[in-house]
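One structure is given below, encoded as structure tokens.
The values are calculated or read from the model by the stated rules, or taken from the named source; none is laboratory data. These numbers were taken from a predicted model, which means no experiment stands behind them. Cβ atoms come from the backbone with ideal geometry, glycine included; neighbour counts cover every protein chain shown. With ligands, DNA and RNA removed, areas are computed over all heavy atoms of the protein, side chains included. Shrake-Rupley method; radii C 1.70, N 1.55, O 1.52, S 1.80 Å.
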Amino acid sequence: MTEAAARLRHTPGAPAWASLMVDGLDVGKEFYQGLFGWEFRTGPQQLGPYVRAVAGGHEVAGLGKKADGRQVPVAWLPYLASTDADETAAAVRSYGGTVAVGPLDAETAGRMAIASDPLGAPFGVWRDAHYPGLGTAPLGMLGAPVWFELVTRETSPVVKFYQAVFGYEAKAVEAPGFDYLTLYADGQPVAGIHGVGDALPRDRGPHWRTYFAVEDPDAVALHAGELGGRVVRGPDDSPYGRLATLADPEGAHFSVIRPVAMEG
């Protein structure tokens, strides 16, 4: 991993972590271990049982057990890097978002918050202390998150919120009928906002999607069904690589992609 790539991981707004809270932790671990080959290490426990997923010797994501009786969707939550979680949480509130959890310390690993934008899409905020989150994982490593994407009705009503909170530069993807913005941190693309109009699922509303790098999306999609998950869409070719959207046994959606940089 280059020094520049490592520095990007800590740039405000860059992908810092991805976490999934499930009803059945053992079922979730079995599914993702079978799909991505993850191993697991114990993580912070103050919010309940939690493990860190390991790929290629690097910690790349987290799985935790939802608190009993907590009625929240099972969904992958992206964490965006911050230099000060308290200041970022204050900015979220100032610009029309809400903070649902924290800011609080994740034992000695760092400080975090769970927030949502003005249209209701949840996301996390992470300020590392002794634990760098995705900071040690090479960009594009197999089994690791490679892209975060906000799926919403239109990009224009919400992009200013993320620019104000994280300082992003936003650039439109020039394509007829395609409402997409790429978000840049420190000059590097780190996330996207996709306006899908009436195709936005009514039962989910605006939400962030996590993409994981894989070598063969077709094989992973087939294997997901064998492990108790299902294929939501694809596999399909895209300008960014071949990809598929999947759901795990509890219904959490995520995407897998073979990035263009891996082709050939």
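Considering only protein heavy atoms and a probe of 1.4 Å, how much of the accessible area of the chain is carbon and sulfur, as a whole percent?
Heavy-atom surface of the chain belonging to carbon and sulfur, 1.4 Å probe: 51 percent.
Which of D23, D117, D203 moves the most in a Gaussian network model of the chain with Cα springs under 10 Å?
Result: D203 has the largest fluctuation of those listed.
Restricting the count to DSSP beta bridges whose residues both fall in the range 147-207, what percent are antiparallel, rounded to a multiple of 5?
About 70 percent, rounded to the nearest 5.
For the chain, with the dipole built from +1 on Lys and Arg beta-carbon atoms and -1 on Asp and Glu ones, taken about the Cα centre, which of A106, G225, V151 lies farthest toward the positive end?
A106
What list of ³J(HN,Hα) values in whole Hz, one per residue of the range 209-222 in order, does the Karplus curve 6.51 cos²θ - 1.76 cosθ + 1.60 (θ = phi - 60°) give from phi, with Gly and Pro shown as x?
Whole-Hz 3J(HN,Hα) from phi for the range 209-222: 10, 9, 9, 10, 7, 9, 7, 9, x, 5, 5, 5, 4, 5.
Taking amide H positions as placed 1.01 Å from N in the peptide plane, with prolines and chain starts having none, which residues 5 or more places from F212, or on another chain, fall under 5 Å of its amide H?
Residues meeting the criterion, in which the H sits 1.01 Å from N, are V146, S255, V256, I257.
Give the share of C-alpha pairs in each 5 angstrom bin for the chain, from 0 to the last occupied bin, in whole percents, shortest bins first.
It works out to 1, 6, 13, 19, 21, 19, 14, 7, 1, 0, in whole percents.
Near the amide H of A75, under 5 Å away, which other amide H atoms are found, from residues 5 or more places off or on another chain, if H is placed in the peptide plane?
M21
Counting other Cβ atoms within 10 Å of each Cβ, which GluC sites (Glu not before Pro) in the range 163-264 have at most 16 and sit in a DSSP loop?
Hits after loop and neighbour filter: E174, E215, E263.
What's the local net charge at A109, with K and R +1, D and E -1, over the other residues with C-beta under 14 Å away?
Numbers: positive: R41, R52, R111, R127; negative: E59, D105, E107, D128.
That sum, taken over residues with Cβ under 14 Å, equals 0.
Rounded, prolate or oblate, given the Cα gyration tensor of the range 192-235, with a/c below 1.5 counting as rounded? Show your work: numbers first, answer last.
Details: a/c = 2.64, a/b = 1.78, b/c = 1.48.
Taking the square roots of the gyration eigenvalues as a ≥ b ≥ c, the range 192-235 is prolate.
How much area per residue is accessible in the chain when the probe is 1.4 Å and only protein heavy atoms are counted (Å²)?
On the way: 12130 Å² over 264 residues.
Ligands and nucleic acids excluded, the result is 46 Å² per residue.
I need the phi-derived Karplus couplings for the range 175-180: 6.51 cos²θ - 1.76 cosθ + 1.60, θ = phi - 60°, integer Hz, Gly and Pro marked x.
These are the phi-based 3J(HN,Hα) values: 7, x, x, 10, 9, 9 Hz.
Sum -39500 (n - 2.57) across every DSSP H segment of at least 4 residues in the chain, then divide by the residue count to get the 222 nm mean residue ellipticity, nearest 500.
So the helix-based figure for the chain works out to -5500 deg cm²/dmol.
Report the charge-dipole magnitude of the chain in Debye, nearest 20, computed about the Cα centre from +1 at each Lys and Arg Cβ and -1 at each Asp and Glu Cβ.
Magnitude of the dipole: close to 400 debye.
Starting from the Cα of L222, step 7 Å along the direction of its Cβ; do the same at R204; then give the gap between the two resulting points in nm.
Distance between label points: 2.5 nm.
Tell me the net charge near D218. Cut-off is 12 Å between Cβ atoms, D218 excluded, with +1 for each Lys or Arg and -1 for each Asp or Glu. Display every interim value, and only then the final one.
Values: positive: R242, R258; negative: E215, D216, D236, D237.
Within the 12 Å Cβ shell, the charges total -2.
Could you pull the Cα extents of the range 27-107 along its three principal axes, largest to smallest, in whole Å?
42, 31, 22
Hey, got a sec? Which GluC sites (Glu not before Pro) in the range 18-59 land in a DSSP loop and have at most 13 other Cβ atoms within 10 Å? Could you put the intermediate results ahead of the total?
Numbers: sites: E30, E39, E59; in loops: none.
Listed in order of number, the matching sites amount to none.
Using Cα springs under 10 Å in a Gaussian network model of the chain, which residue among G43, G64, G197 shows the largest mean-square fluctuation?
G197
Quick one: among S94, S116, S19, which has the greatest mean-square fluctuation in a GNM of the chain with alpha-carbon springs under 10 angstrom?
Greatest mean-square fluctuation among the candidates belongs to S94.
Using amide H atoms built in the peptide plane, which far-off residues or other-chain residues are under 5 Å from A61 H to H?
Answer set, sorted by chain and number: A53.
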